[in-house]
Structure formats: C-alpha cells, structure tokens
Amino acid sequence: MNKNKVTNIRKSRNDSFSELFIRYPHNPILTVNDWPYPANSVFNPGVTSFDNKILLLARVEDRRGLSHLTKAVSEDGIANWQIDTTPTMEADPDNHPEERWGLEDPRITWLAELNKWAVTYVAYSSDGPLVAIALTDDFVHFERLGPARPAEDKDAALFPRRIKGKWGLLHRPMVAQYAPAAHIWLSYSDDLIHWDERRVVLICRRGGWWDNSRIGLAAPPIETAEGWLMLYHGVRKTASGSIYRLGLALLDLDDPSRVLRRSDEWIFGPEKSYERIGDVADVVFPCGWVLDDQTGLVKMYYGGADSCIALATAALSDLLKYIISECPETQKDAFL
C-alpha cells in the first residue's frame, strides 16, 4: 500500500454503526521527534490551504510548559513536512501582556474580503485564557488585533464572510450564570476588534451525555447549501478523568445562532493509543479541517492526547447526510 495515499472507505464497526471519519493508517503524522528544535510536544494545529499546499500552524509546548505556534507545510498534507526551524509566532508579552504565558490552540479562517487569513488563538496570562486575533497574508508576519473577548474565553474561530454586514465569532466563554458548565457563544463585530451582541448558540447537555461538562468549537465552520457545518468537542468527566470527543451541528446560514441539527452521539473519540496515552489522556482535539473542493474530501487534523498530530478524513457528503438524515432538530434551551 502506498503510505502517502489517503482513502476514505467507511468501515462498519457493527451492523448499526459506520465511521464518518477514517483515521490515516500511519498516524500520528507529526510528533515532537519530527521537530527541528527541542520541545515537549506538538499538537492542536490550525490548518488551511496555502500556495496549493496544506499548512498547519501547530501548538508547540516547550520544556518550560509554555506554548507557541509553528508552521509546517506539506504538498499532500501527510508527509514531507517543511517545518520552520524557529517558532513562527511567539508570545510578545512586552507589547501584549495577555500573552505572558504563551499562545495556544490556533484556528485559521481565510477572509476573502480582506485577502488575508485570520488566526484566532488563545492568549494566556495571569488573567486567564482569552481569545485574540491576528491577520497575515504570508504566515511570516502577523498583525495582532489584540484580545477579542476578555478572559476566560477560548475555542474561537471566525466565519469566513460577514453575516448581515458583521463579522461573526464562535467562542467559548466561562459565564458565571452557567458555571461550571461552558457553552458555545456567538458574537458580532464591525471591525474585528470591538465585539458585542453575544448570545448562546450551543448548550452543554445535562445528565450522562458525552458532552455534559463543557463544549467548545473545534474547527472553523464550513459553509454549505444546507447551513454552516460545525464541528465541536464535548467533554465528559468520569471517575478516571475527562474524555474529549467530537460532535456535529448545523447552523442556519443567515442566523448562525439558530441550530438546525445536532448529533446525539459523538462521531469521533479517543480509541487509538496515541489518542489515549500522552500528556493528557483520552483527548482528540481538532483546531482545523480543510475541504478539497474537487473531491469533496475533508481532512481533519487533530491533537492526540496533547502529544502528537494526527489526521482523519471524511466525505463532506457523508457528514451532511448524517447531520440531516440521522440527527434530530434541536432546541438549545432543551439542555439547560
């Protein structure tokens, strides 16, 4: 078998369940052993298409425990990665004190109106984690726009275009009204700097559900004719620790605060050793996916156990068929 070839054959685990996302058989595709400089771990990359290649902006944790972002580029998004020999984007605490304890978990969105990519990331300091935004046209130079939301807030990405004249940001604040649970919210802005009109989009489910502790946006939403396809992570706390799994939701194109569909079951969870054993056990954590418009194949890049980067693929048509045909219409207030 050609090691570099990705196929997407849906394999049934039993008669009633079929995998939507198929793991690349030679995962993980990147580990700290591939890195050109010393580090503790690499994980949770943002992803985009850049110069007809796949570009990852990986979270790299150094041996102090602080994180920065480093670029890796590949022709096929699988092998022969060209990795920057020094950090691509480091904390700048002198000018941005909110970054004093590092940069984490980037998501990347192409903004055609600006002809730039927007990188939403977590800036971490003594005030707690918060969402910050930077713009770039080359992934070498970054124009920091500063914090988009105050701490505590994370798991954020922009919609790729304005909605009713405004930019939209999905994010996961900690709100005292709902504590200790954490939900996905939507805010709007005219200028990518000042954000308001905050509202809840997706709510943690109560009880024994797989997403009953907290949820957060995984990858930036994909625009489809049926709606915005959203991938999110859900956390369930157990006696032996937390488990991070993934679900899908479909949002209305004109009003993304309106949830059309939501998966009851998780669609992807930690099963392989590189997802279950690492710095943080039982975690699959994507910050990005990329759609091949010609083949309709979605490549999802995710962190495994906060220790490596792995790849799984799905047909966009299968994801839409699943969310529309097999997932119920939902009312977000039903889970409060």
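The values are calculated or read from the model by the stated rules, or taken from the named source; none is laboratory data. All values derive from a computational prediction rather than experimental measurement. All Cβ positions, glycine included, derive from the backbone under ideal geometry; neighbour counts span all protein chains shown.
Okay, here's what the table says:
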{"item": "Residue in segment 104-113 that is surrounded by fewer than 19 Cβ atoms within 10 Å (Cβ to Cβ), of a type in the set (G, A, S) and over 23 Å from P220 (Cα atoms) present", "result": "no"}
{"item": "Scope segment 256-268; condition in contact (Cβ under 8 Å) with a residue 40 or more places away in the chain and either out of contact with any Phe, Trp or Tyr (no Cβ under 8 Å at 6 or more places or on another chain) or among the basic types (K, R) (or both); matching residues", "result": "S257, V259, L260, R261, R262, D264"}
{"item": "Qualifying residue in segment 105-116 (condition: over 17 Å from E143 (Cα atoms) and of a type outside the set (S, T, Y))", "result": "yes"}
{"item": "Whichever residue in segment 205-241 is basic (K, R) and touching a residue at least 40 places away in the same chain (Cβ under 8 Å) and, among such residues, is surrounded by the fewest Cβ atoms within 10 Å (Cβ to Cβ)", "result": "R206"}
{"item": "Pairs where the first residue, in segment 44-62, is buried (at least 21 other Cβ atoms within 10 Å of the Cβ) and the second is acidic (D, E), C-beta under 7 Å, 6+ apart", "result": "N44/D105; R59/E104; R59/D105"}
{"item": "Sole residue being at pLDDT 95 or above, crowded, with 20+ Cβ neighbours inside 10 Å and in contact with a helix residue (DSSP H, G or I) (Cβ under 7 Å, 6 or more places away or on another chain), chosen from L246, L202, L186", "result": "L202"}
{"item": "Selected residue (criterion: surrounded by the most Cβ atoms within 10 Å (Cβ to Cβ)) from residues of segment 263-287 that are out of contact with any Lys or Arg (no Cβ under 6 Å at 6 or more places or on another chain) and part of a strand (DSSP E or B)", "result": "V284"}
{"item": "Residues that are buried (at least 22 other Cβ atoms within 10 Å of the Cβ) and assigned to a strand (DSSP E or B), drawn from segment 135-156", "result": "D153, K154, D155, A156"}
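The rows are residues; the columns are (1) within 22 Å of V42 (Cβ to Cβ); (2) among the small types (G, A, S); (3) touching a helix residue (DSSP H, G or I) at 6+ places or on another chain (Cβ under 7 Å).
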| residue | (1), (2), (3) |
| --- | --- |
| D254 | no, no, no |
| G269 | yes, yes, no |
| S273 | yes, yes, no |
| D282 | yes, no, yes |
| T295 | no, no, no |
| K299 | yes, no, no |
| P328 | no, no, no |
